[in-house]
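In what follows, a single structure is set out as structure tokens and then discussed.
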Amino acid sequence: ILSSPLSSPQETLTGKYGEEAKLIYELQDQGGELLALRYDLTVPFARYLAMNKITNMKRYHIAKVYRRDNPAMTRGRYREFYQCDFDIAGQFDPMIPDAECLKIVHEILSDLQLGDFLIKVNDRRILNGIFAVCGIPESKFISACSTVDKLDKLPWEEVKNEMVGEKGLSPEAADRIGEYVQLHGGLDLIEWLLQDPKLSQNKLAKEGLGDMKLLFEYLTLFGITGKISFDLSLARGLDYYTGVIFEAVLLQQENDHVEEPVSVGSVAGGGRYDGLVGMFDPKGRKVPCVGVSIGIERIFSILEQRAKASGKKVRTTETQVLVATPQKHLLAARLKLISELWDAGIKAEMLYKKDPKLLKQLQYCEDTGIPLAAIVGEQELTDGVVKLRDVSTREEVRMPLYTRFQKCFQKSRDC
């Protein structure tokens, strides 16, 4: 885990995010210093590496970030939200860390059972090569990228109109771009593009396609290519990406109990940013990096919606057992038993009242999802047992008390 400051000087964040910079929260402190709230966890990480002259690190980081965006509560989009980042920094052989990042995303989304998903991958060098062979001036690469990135939400004609009307591209150049960016597939598409007469002559595109082929070979060994798509429309709007980029999207939400199923779109994204650390290093020393960011709130919005639709209660605690008593004046018995359970590594809990009613204690188990109640009353103490109750089925079994607990109780029976 790596912490980073909540706010930074504005110059730390400016020039790193492209058109998305308009979503940065800017502020000014009492001394007049211009600051900005943390937009993501990647730029602070790169700055940390540069400041501490670190050239090799693998880390994860869960923290809040802030974006001056239009909230969409049902889609898990907020102005203040948590991200979970995983990054690998260091000079390694091509595509091995990148493949590991994609493996992690695949594993997380599979284990969470969010439904069908797809991880789209592309490479900024391939996109830049496409723009070059289509006659787009280099000064317009970044703006063209941000427009292409809208293809997952808009039809090609609207994207083309924006390229021509707002970004100043010629209709012919936009059409040539459209022939490429609407393609998606796997190794077959990569092989086909490597034979493309124009792209094969472009150095950047050739490098990107070579690495993409290597990446898919590693992903095949990981056994996850069924959920991976080489998608030439994926652009990722952030300026700092330099190579492979990826984004995980949910394909559908299976929800038969609501009229409008929740739709959150992208739940994770990332890529390679080999030049970002050098922006913060006084000598411009570069540290190759690749990482992925997972939107926690977006995932929670899906899980909460599914739980609500199914009628299942969501457990709000990991507590395994609640220590309960049915009569008054048995606080000492609860304290001693819960101490035994804690010492045994069992996650136990009790109500913070001297004489709570048994019904209230059992209701607390139902409300919070605690599966078991360990009930110790006067008769149980006399018999040297504890009554273990399954809260959902109401079945009960009697089990011997711990030896140490029995000895302590015998000494303090009058408590």
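In region 71-88, the condition of being part of a helix (DSSP H, G or I), in contact (Cβ under 8 Å) with a residue 24 or more places away in the chain, under 30 Å from Val277 (Cα atoms) and not small (Gly, Ala, Ser) is met by no residue.
Considering region 152-172, and only residues there that are assigned to a helix (DSSP H, G or I) and aliphatic (A, V, I, L, M), the residue that is farthest from Ser233 (Cα to Cα) turns out to be Val164.
Check whether at least one residue in region 213-220 is surrounded by fewer than 19 Cβ atoms within 10 Å (Cβ to Cβ), more than 18 Å from Cys145 (Cβ to Cβ) and in contact with a Pro (Cβ under 8 Å, 6 or more places away or on another chain), and report yes or no. Yes, region 213-220 contains at least one residue that is surrounded by fewer than 19 Cβ atoms within 10 Å (Cβ to Cβ), more than 18 Å from Cys145 (Cβ to Cβ) and in contact with a Pro (Cβ under 8 Å, 6 or more places away or on another chain). Taking region 168-189 as the range and being more than 23 Å from Ser139 (Cα to Cα) and crowded, with 18+ Cβ neighbours inside 10 Å as the test, only Leu189 passes. Could you check, for region 33-40, whether at least one of its residues is under 30 Å from Ser200 (Cα atoms), more than 16 Å from the chain's Cα centre (by Cα) and free of Cβ contacts under 8 Å to residues at least 60 places away in the same chain? Scanning region 33-40, I find no residue that is under 30 Å from Ser200 (Cα atoms), more than 16 Å from the chain's Cα centre (by Cα) and free of Cβ contacts under 8 Å to residues at least 60 places away in the same chain, so the answer is no. Can you tell me which of (1) in contact with a His (Cβ under 8 Å, 6 or more places away or on another chain); (2) crowded, with 16+ Cβ neighbours inside 10 Å; (3) over 30 Å from Arg79 (Cβ atoms) is the one Ala309 doesn't meet? Of everything listed in (1) in contact with a His (Cβ under 8 Å, 6 or more places away or on another chain); (2) crowded, with 16+ Cβ neighbours inside 10 Å; (3) over 30 Å from Arg79 (Cβ atoms), Ala309 misses just condition (3). Sub-9 Å Cβ pairs linking a first residue in region 209-229 that is touching a residue at least 40 places away in the same chain (Cβ under 8 Å) and farther than 11 Å from Leu187 by Cα to a second residue that is open to solvent by 60 Å² or more (accessible area, probe 1.4 Å) and among the β-branched types (Val, Ile, Thr), at least 6 apart or interchain, are Tyr218/Ile96, ordered by first then second residue.
The values are calculated or read from the model by the stated rules, or taken from the named source; none is laboratory data. Values in this document were obtained by computation on a predicted structure and should not be read as measured data. In this analysis, Cβ positions are derived from the backbone assuming ideal geometry, glycine residues included, and neighbour counts consider all displayed protein chains. Areas reflect the complete protein model, heavy atoms only, side chains present, ligands, DNA and RNA absent. Shrake-Rupley method; radii C 1.70, N 1.55, O 1.52, S 1.80 Å.
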